[in-house]
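Working notes for the structure below.
The values are calculated or read from the model by the stated rules, or taken from the named source; none is laboratory data. Nothing here was measured: the structure is a model prediction, and the numbers come from that model. Counting neighbours? That spans all protein chains shown, and the Cβs are built from the backbone with ideal geometry, glycine included.
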Amino acid sequence: MKNLFIVIAAIMVISSCSSTKEATSSKTKIRNEKKIAEQETIRDAVESRRFLIKFERAYFSHGGIVDLIPKANYIIIDRNKVILSAAYIGRQYDIRPIEGINMRAETSDYELTSDSAKGLYEIRMKVTSRGNTFHVYLTVNKDGFCNVSLTNIRIDYIQYSGHIVPIKVKPALTPQEGQII
């Protein structure tokens, strides 16, 4: 009777261990599928030039790191239009003090290079608005981590890090679907 009890207990332990292996393997498959889907949406956003980068940290040229509020520090790239809002602390080469970078501009000299083996995208562009020109250099990781470098004649070199958020395109409504024209 004792031997029968030991055999039944051993069978129960072995069967429970095998079911947990199956459950963990299915969880890892789901995680991998989600990760691949996220990487594809990031790739599509970068290639279509429709994304937002929320800055989390600023790195200054003479040392120093500042944590930023992502709601107020960002760059939006929507095809040829750019909206840039970022904090700035550093050297200034202008009469007027600069507390931050805020501009709506058009892009020119946009250049995208990608390294598919590493899953890395590099974007170089020139952003001009009302005589103020910024040279922007972006590196985007396949997982969505970004580094952004800004240079301008009036301020010192500054670098930001953050995460990319793809901009979703909403389909246009037709008059049959209830849109008032």
- Message: Going by what's in this entry, would GLU22 be described as modelled with pLDDT of 90 or more and part of a helix (DSSP H, G or I)?
- Response: no
- Query: What strands (runs of 3 or more DSSP E) lie completely within the range 43-97 and have 3 or more residues being hydrophobic (A, V, I, L, M, F, W, C), surrounded by 13 or more Cβ atoms within 10 Å (Cβ to Cβ) and modelled with pLDDT of 90 or more?
  - Reply: 50-60, 74-78, 81-87
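Just name the residue that is surrounded by the most Cβ atoms within 10 Å (Cβ to Cβ) out of those in the range 98-150 that are basic (Lys, Arg) and outside any strand (DSSP E or B).
Restricting attention to the range 98-150, the residues satisfying the condition of being basic (Lys, Arg) are 104, 118, 124, 126, 130, 142.
Within this subset, residues satisfying the condition of being outside any strand (DSSP E or B) are 118, 130, 142.
Numbers: LYS118: 9, ARG130: 8, LYS142: 20.
Filtering the range 98-150 for residues that are basic (Lys, Arg) and outside any strand (DSSP E or B), the one surrounded by the most Cβ atoms within 10 Å (Cβ to Cβ) comes out as LYS142.
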